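Notes follow the structure.
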């Protein structure tokens, strides 16, 4: 796929860069096929609503058993009516629980701090050099690993802890398609008891993930 194809697809659908790349990859690089793929995922429809103002919504908290881990997240929608629906409330609760389990650092790829990306790129460049990869493919390898890093640290790119066949963005896009309003995660904060202090740390993220999937 080319940069021009990605740009063209973004202009026609309003979808994000990573979604466009994935759509083109799943459609043998064809624009029309990629548009159909985005539509079947509900992404194109959601992208058209993405520019609409979303100033209503809720701030939701999630406290893990025993009060050892807590999350506060703000999720916005367009109207107070939708904000009060059971479907929207359930979506926000799921997002809060996911944040507790998956420990994202940023909401989206666009929110990644430039210095954080630069640091990760430097680490991956050093890694590629250490592995002795050919120079002609080194850049693609680094960019591929950075994309994988985004999937680890960006909330919207993470696999949903209750259904790992979907990303959080796909979960939200599905909600946008059914509720008919723009929905955005604006910000979140995650607190872990004793974080940064020198003491034995339990794997709280793993514990919450098991709880979310019904294993606990």
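Among the residues of segment 1-18, those that are surrounded by 15 or more Cβ atoms within 10 Å (Cβ to Cβ), without any contact (Cβ under 8 Å) to a residue 40 or more places away in the chain and either out of contact with any helix residue (DSSP H, G or I) (no Cβ under 8 Å at 6 or more places or on another chain) or outside any helix (DSSP H, G or I) (or both) comprise 1, 14, 15.
Results for (1) surrounded by 14 or more Cβ atoms within 10 Å (Cβ to Cβ); (2) in contact with a strand residue (DSSP E or B) (Cβ under 7 Å, 6 or more places away or on another chain); (3) at pLDDT 90 or above, shown as yes or no for each residue.
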| site | (1), (2), (3) |
| --- | --- |
| 37 | yes, no, no |
| 53 | no, no, no |
| 95 | yes, yes, yes |
| 104 | yes, yes, yes |
| 119 | no, no, yes |
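Here is a check on your reading of the model: is residue 140 surrounded by fewer than 20 Cβ atoms within 10 Å (Cβ to Cβ), touching a strand residue (DSSP E or B) at 6+ places or on another chain (Cβ under 7 Å) and at pLDDT 85 or above?
Values: surrounded by fewer than 20 Cβ atoms within 10 Å (Cβ to Cβ): yes; touching a strand residue (DSSP E or B) at 6+ places or on another chain (Cβ under 7 Å): no; at pLDDT 85 or above: yes.
No.
If you check 175, 205 for being assigned to a helix (DSSP H, G or I), modelled with pLDDT of 70 or more and not assigned by TED's automatic domain parsing to the domain that holds residue 42, only one passes: 175.
Scanning segment 103-136 for residues that are under 16 Å from residue 187 (Cβ atoms) and in a helix (DSSP H, G or I) yields 109, 110, 111.
The values are calculated or read from the model by the stated rules, or taken from the named source; none is laboratory data. In this text the structure is predicted, and so the values were computed from the model without any measurement. When we count neighbours, we look across all protein chains shown, and the Cβ atoms used for this are built from the backbone with ideal geometry, even at glycine.
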